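Below: the structure, in structure tokens.
The values are calculated or read from the model by the stated rules, or taken from the named source; none is laboratory data. Model, not experiment: these values are computed from the prediction. Counting neighbours? That spans all protein chains shown, and the Cβs are built from the backbone with ideal geometry, glycine included.
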Amino acid sequence: MEMGYLVDFEKAIDNHDSPAILRLWEEYTSTDEVDGKDFEAILEAVKPSDLNDYIGRHIERGLSLWEKLDGELADNILRLIVDLQVTNNPELRKLTISHLETKFGDEKLFNEKMRLIGLRSTKGGFTGAISHYILLNHMVKGNFVFHSAGWGVGEIMEISMLREQLNLEFDYVPGRKDMAFKVAFATLIPIPETHFLAQRFGNPDSLEQQAKKDSVEVIRMLLKDLGPKTAAEIKDELCELVIPEKEWNRWWQTARAKVKKDTRIESPSDLKSPFRLLKKEISHEERLQKALENKPDADTLIQMVYTFLKDFSDTLKNASFKESLLGKLKELLSFQEITAAQELQIHFFLQDLSGEKNYLPIAELLKKVDFIEDLIGEIPIQSLKKRTIMEVRNHRDDWQKIFFSLLFKVEQNPLRDYIIGQLFKTESEEELKQKLMELCLHPQKYPDSVIWYFQKIISGTKLPLGDQEGRARFFEAFLILLSSLEQKGERRELVKKMHGILSAGRYAIVRKLMKEASVSDVQEFLLLVTKCHSLSDHDIKIFYSLAEVAHPSLKSKRKKKTIEEEEEEDIIWTTKEGYVILQKRIEQIGTVETVESAKEIEVARAHGDLRENAEFKAALEKRDRLQAELKFLSEQLNKCRVLTNQDINANEVGVGTLIECESADGEKVSYTLLGPWDANPDENILSFQSQLAKNMTGLKKGDSFELQGKKLTISNIRSVL
């Protein structure tokens with residue numbers, strides 16, 4: 001019952017609800033039975049809160065509960081009661097004096113210390129008197145204290161009872177500091193030399209060695225002495241202060257894996273939640289059973305069991321636990337609402353737990369499922385997804401048809417590798433070639449698959465279309481895809497990846513392709529490269545240089561541009577509105593999103609185990625995307641030029657013109673040519689860099705052009721300004 005009260009007290013404190021906390025205190029102190037640990041926890045929760053005065057005015061109500069306790073726990077609860085009291089009740093004063101006399105009356109300086117804490121007279125306040133006496137006893141040279149007002153840990157260097165002051169050296173304050181006892185009573189908290197903070201301040205080298213030898217024990221100590229901490233907060237307490245920063249990531253990854261298996265530490269399920277030190281050891285079997293008692297939904301249960309079996313497989317040596325888990329999974333199978341994908345994953349667990357090699361329910365389930373592709377798509381865990389694909393290969397007669405359907409739909413490269421490897425072993429090579437040619441001809445349909453297969457055939461793997469002709473066609477598809485993805489802001493991450501593939505090893509892939517391709521293929525490569533606006537001028541010059549080295553005949557055919565033409569090509573035209581939009585976006589990335597991204601990386605890095613840390617990988621990818629976008633936009637801004645009337649020639653189609661057109665059947669349509677930051681295809685406002693705009697540029701009134709198989713004639717051209 002008391003634990004329920006603790007939760008209620010904490011809720012009232014969080015909500016700053018003074019009426020609620022008074023009501024709770026009245027109810028709690030009216031009970032007949034008391035759990036000392038919970039009573040202590042309630043007082044500890046109230047003490048640092050803004051509502052402590054409300055309890056302090058009625059603290060004497062707790063004495064009836066205190067009288068039922070004894071030992072060290074009773075001593076500590078009385079100390080907390082005296083810390084909280086504000087009424088200076090005479091009876092409580094007598095009780096406090098009596099307690100101190102019983103505990104410390106034989107000490108040599110007892111009377112002097114009683115005077116210092118205000119208990120030698122019958123008047124005056126005595127809030128915190130027991131804590132103050134304990135602090136006085138702790139004031140010994142070499143002992144450690146914690147400064148609650150921000151100076152950190154301190155070591156007592158000297159003490160003078162005569163001057164009623166002590167001299168200390170603090171963690172966060174340079175030099176030694178003299179401090180009067182009265183100030184010490186208000187700000188210092190005694191800590192033992194075994195406390196984490198005392199060890200970190202007094203003997204950091206020893207603590208570092210201990211952390212490297214037994215990381216779990218040090219983290220246990222940290223959580224015991226400082227309370228629950230998130231991964232980021234643990235880093236704040238240990239990185240550089242104990243573990244050198246350059247060693248932190250490796251140390252934390254190892255420590256995090258060990259902590260995850262520790263039975264005294266409760267690991268969080270997400271980055272924002274803290275690690276907690278448990279009051280007693282709880283086995284991994286008990287934790288799972290407790291979690292299962294909460295009746296999680298099927299997807300949550302599957303994820304829990306998968307993680308458990310992966311991380312704590314040794315626990316299955318416990319036969320009774322293993323049987324209990326088997327029973328829970330079989331019970332879940334009886335629920336009618338579970339999906340086929342969920343049922344299949346549960347059968348995988350049952351097969352692993354039973355050890356049966358020929359586990360028939362898996363084959364039976366896969367044979368009766370009509371849409372295997374959908375089933376695989378509903379399985380979130382990659383290893384179980386691959387296992388499903390392998391079982392399909394073993395148990396479905398139409399597995400080849402399914403594999404062809406899945407080849408470009410699955411998102412992970414290892415799955416694609418397995419599928420194409422299995423198909424390549426069959427007599428379906430021609431069908432596979434046809435499927436790959438479709439991918440090559442329509443790269444925008446499956447962008448990730450295009451990049452995956454391009455990299456595979458470039459590496460020299462003997463696969464369909466892995467010859468010189470196939471590599472050339474896939475390189476063309478790669479460049480077409482790059483040009484297409486540049487127009488989609490949400491694919492900037494993939495664009496950056498493609499840039500990395502091209503430039504890796506000092507453009508090794510480009511060098512190889514230019515060398516083995518025919519002159520006509522190389523000319524097509526160069527044409528496609530010029531349409532990739534995310535490539536810098538330097539990148540394009542390297543493409544041309546590599547092409548000319550491989551095929552010297554291309555040197556004479558390369559047109560030399562005039563200075564004026566090069567300058568004109570570099571200009572990115574925009575309106576004032578478009579220019580402002582670009583500036584605001586750059587400012588947003590540089591001052592807000594980049595800072596937020598850095599924080600996300602630190603939080604995710606602190607979670608450890610970077611190989612399986614999806615949050616860390618996502619945070620890094622976001623940072624890279626922001627950096628790429630910032631670089632790209634900054635380059636664009638430097639090339640921007642705001643359109644004026646003098647820049648627009650209304651005699652022909654060009655940037656800044658509105659073109660009115662008419663089809664043969666009398667349908668009228670108009671197009672406006674502006675810069676990329678003003679473009680809006682829904683309103684027929686085109687970027688002058690787009691292919692359609694380039695096809696129209698230079699045309700005059702009366703000229704015609706084709707659009708989607710329809711002939712359009714220009715009826716009028718005018719300036720948009």
**Item:** Subset of the stretch 336-345 [of a type outside the set (Asp, Glu) and part of a loop (DSSP other than H, G, I, E, B)]
**Value:** 336, 338, 339
**Message:** Among the residues of the stretch 669-678, are any in contact with a Cys (Cβ under 9 Å, 6 or more places away or on another chain), of a type in the set (Phe, Trp, Tyr), at pLDDT below 85 and over 30 Å from residue 216 (Cβ atoms)?
**Reply:** yes
**Message:** If I ask for residues that are under 19 Å from residue 225 (Cβ atoms) and of a type in the set (Val, Ile, Thr), which ones from the stretch 247-274 would you list?
**Reply:** 259, 265
**Message:** Here is a check on your reading of the model: is residue 401 in the same structural domain as residue 470 (by TED's automatic domain parsing) and either farther than 20 Å from residue 452 by Cα or outside any loop (DSSP other than H, G, I, E, B) (or both)?
**Reply:** no
**Complete:** So, first residue within 15 Å of residue 449 (Cα to Cα) and in the same structural domain as residue 628 (by TED's automatic domain parsing) in the stretch 488-511, second residue β-branched (Val, Ile, Thr) and in a loop (DSSP other than H, G, I, E, B), Cβ within less than 8 Å, six or more apart or across chains; the pairs are none
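Tell me, please, whether a residue that is in the same structural domain as residue 72 (by TED's automatic domain parsing) and closer than 21 Å to residue 79 by Cβ can be found in the stretch 174-182.
Within the stretch 174-182, the subset in the same structural domain as residue 72 (by TED's automatic domain parsing) is 174-182.
Those still in the list that are closer than 21 Å to residue 79 by Cβ too: 181-182.
Yes; the residues of the stretch 174-182 include at least one that is in the same structural domain as residue 72 (by TED's automatic domain parsing) and closer than 21 Å to residue 79 by Cβ.
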**Asked** What pairs come up if the first residue lies in the stretch 637-650 and is part of a helix (DSSP H, G or I), the second is not β-branched (Val, Ile, Thr), and their beta carbons are under 6 Å apart, counting only those six or more places apart or on different chains?
**Response** 637/582; 639/570; 645/721
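Here is a yes/no grid of residues against (1) closer than 18 Å to residue 450 by Cα; (2) touching a strand residue (DSSP E or B) at 6+ places or on another chain (Cβ under 7 Å); (3) loosely packed, with under 15 Cβ neighbours inside 10 Å:
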site	(1), (2), (3)
375	no, no, no
381	no, no, no
416	yes, no, no
421	yes, no, yes
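Say whether the condition of being part of a helix (DSSP H, G or I), surrounded by 14 or more Cβ atoms within 10 Å (Cβ to Cβ) and among the small types (Gly, Ala, Ser) is met by at least one residue in the stretch 671-691. Spell out how you get there, then give the answer.
Going through the stretch 671-691, the residues part of a helix (DSSP H, G or I) turn out to be 681-683, 691.
Now drop any that are not surrounded by 14 or more Cβ atoms within 10 Å (Cβ to Cβ), which leaves none.
No, because not a single residue in the stretch 671-691 is part of a helix (DSSP H, G or I), surrounded by 14 or more Cβ atoms within 10 Å (Cβ to Cβ) and among the small types (Gly, Ala, Ser).
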**Message:** Within the stretch 695-710, take every residue that is surrounded by 14 or more Cβ atoms within 10 Å (Cβ to Cβ) and of a type in the set (D, E, K, R) and give me the one that is farthest from residue 575 (Cα to Cα).
**Reply:** 703
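For the subset of the stretch 141-196 comprising residues that are of a type in the set (A, V, I, L, M) and more than 26 Å from residue 237 (Cα to Cα), which member is surrounded by the most Cβ atoms within 10 Å (Cβ to Cβ)? I'd like the intermediate steps shown before the answer.
Looking only at the stretch 141-196, we keep the residues that are of a type in the set (A, V, I, L, M), and these are 145, 149, 153, 156-157, 159, 161-162, 166, 168, 173, 179-180, 183-184, 186, 188-189, 191.
Now narrow it down to the ones that are more than 26 Å from residue 237 (Cα to Cα): 159, 161-162, 166, 179-180, 183.
Working: 159: 18, 161: 14, 162: 5, 166: 25, 179: 20, 180: 12, 183: 14.
It comes out as 166.
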**Complete:** The condition of being over 23 Å from residue 414 (Cβ atoms) and among the charged types (D, E, K, R) holds, among 531, 445, only for 531
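Taking the stated definitions as given, is residue 415 within 25 Å of residue 369 (Cα to Cα), under 31 Å from the mean Cα position of the chain (by Cα), of a type in the set (A, V, I, L, M) and in a helix (DSSP H, G or I)? Walk me through it before giving the result.
Details: within 25 Å of residue 369 (Cα to Cα): yes; under 31 Å from the mean Cα position of the chain (by Cα): yes; of a type in the set (A, V, I, L, M): yes; in a helix (DSSP H, G or I): yes.
Answer is yes for this residue.
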**Prompt:** Of the residues that sit in the stretch 58-74 and are out of contact with any Leu (no Cβ under 9 Å at 6 or more places or on another chain) and of a type in the set (D, E, K, R), which one is nearest to residue 12 (Cα to Cα)?
**Reply:** 61
**Prompt:** For the stretch 507-530, does any single residue satisfy the condition of being under 39 Å from the mean Cα position of the chain (by Cα), at positive phi and of a type outside the set (A, V, I, L, M, F, W, C)?
**Reply:** yes
**Request:** Quickly run through the stretch 63-79 and pick out the residues that are within 49 Å of the chain's Cα centre (by Cα) and part of a helix (DSSP H, G or I).
**Result:** 63, 65, 66, 71, 72, 73, 74, 75, 76, 77, 78, 79
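Is it true that some residue in the stretch 86-105 is under 49 Å from the mean Cα position of the chain (by Cα) and closer than 30 Å to residue 25 by Cα?
From the stretch 86-105, those under 49 Å from the mean Cα position of the chain (by Cα) are 86; that's our starting set.
Filter again for closer than 30 Å to residue 25 by Cα, leaving 86.
Yes.
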**Prompt:** Pick from the stretch 197-220 the residues that are among the basic types (Lys, Arg) and surrounded by fewer than 16 Cβ atoms within 10 Å (Cβ to Cβ): which of them is nearest to residue 243 (Cα to Cα)?
**Reply:** 212
**Prompt:** For the stretch 132-162, how many residues meet the condition of being within 43 Å of the chain's Cα centre (by Cα) and under 21 Å from residue 97 (Cα atoms)?
**Reply:** 0
**Item:** Residues within the stretch 186-201 that are small (Gly, Ala, Ser) and in contact with a strand residue (DSSP E or B) (Cβ under 9 Å, 6 or more places away or on another chain), tallied
**Value:** 1
**Message:** Pull out all pairs, ordered by first then second residue, where Cβ-Cβ is under 7 Å, the residues are six or more apart or on different chains, the first lies in the stretch 316-328 and is under 16 Å from residue 352 (Cβ atoms), and the second is acidic (Asp, Glu).
**Reply:** 318/285; 321/285
**Request:** Could you grab me the full set of residues in the stretch 346-371 that are under 17 Å from residue 394 (Cβ atoms), assigned to a helix (DSSP H, G or I) and either out of contact with any Lys or Arg (no Cβ under 9 Å at 6 or more places or on another chain) or of a type in the set (A, V, I, L, M, F, W, C) (or both)?
**Result:** 347, 348, 352, 360, 361, 362, 363, 364, 365, 366, 368
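Out of the residues in the stretch 108-121 meeting the condition of being touching a residue at least 24 places away in the same chain (Cβ under 8 Å) and outside any helix (DSSP H, G or I), tell me which one is farthest from residue 161 (Cα to Cα).
Result: 119.
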**Message:** So the check is Cβ under 8 Å with 6+ separation or different chains; which pairs have a first residue in the stretch 513-524 that's surrounded by 15 or more Cβ atoms within 10 Å (Cβ to Cβ) and a second one that's at pLDDT 90 or above and not in a helix (DSSP H, G or I)?
**Reply:** 514/551; 522/551
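How many of the residues in the stretch 136-180 are aliphatic (A, V, I, L, M) and assigned to a loop (DSSP other than H, G, I, E, B)? Outline the logic, then answer.
Taking the stretch 136-180 as the starting set, the residues that turn out to be aliphatic (A, V, I, L, M) are 136, 139-140, 145, 149, 153, 156-157, 159, 161-162, 166, 168, 173, 179-180.
When the remaining residues are screened for being assigned to a loop (DSSP other than H, G, I, E, B), the result is 139-140, 149, 161-162, 173.
The qualifying residues number 6.
Just one of 34, 86, 82 is modelled with pLDDT of 90 or more, in a loop (DSSP other than H, G, I, E, B) and surrounded by 14 or more Cβ atoms within 10 Å (Cβ to Cβ); which is it?
Working: 34 fails: modelled with pLDDT of 90 or more; 82 fails: in a loop (DSSP other than H, G, I, E, B).
Only one candidate passes the filter, namely 86.
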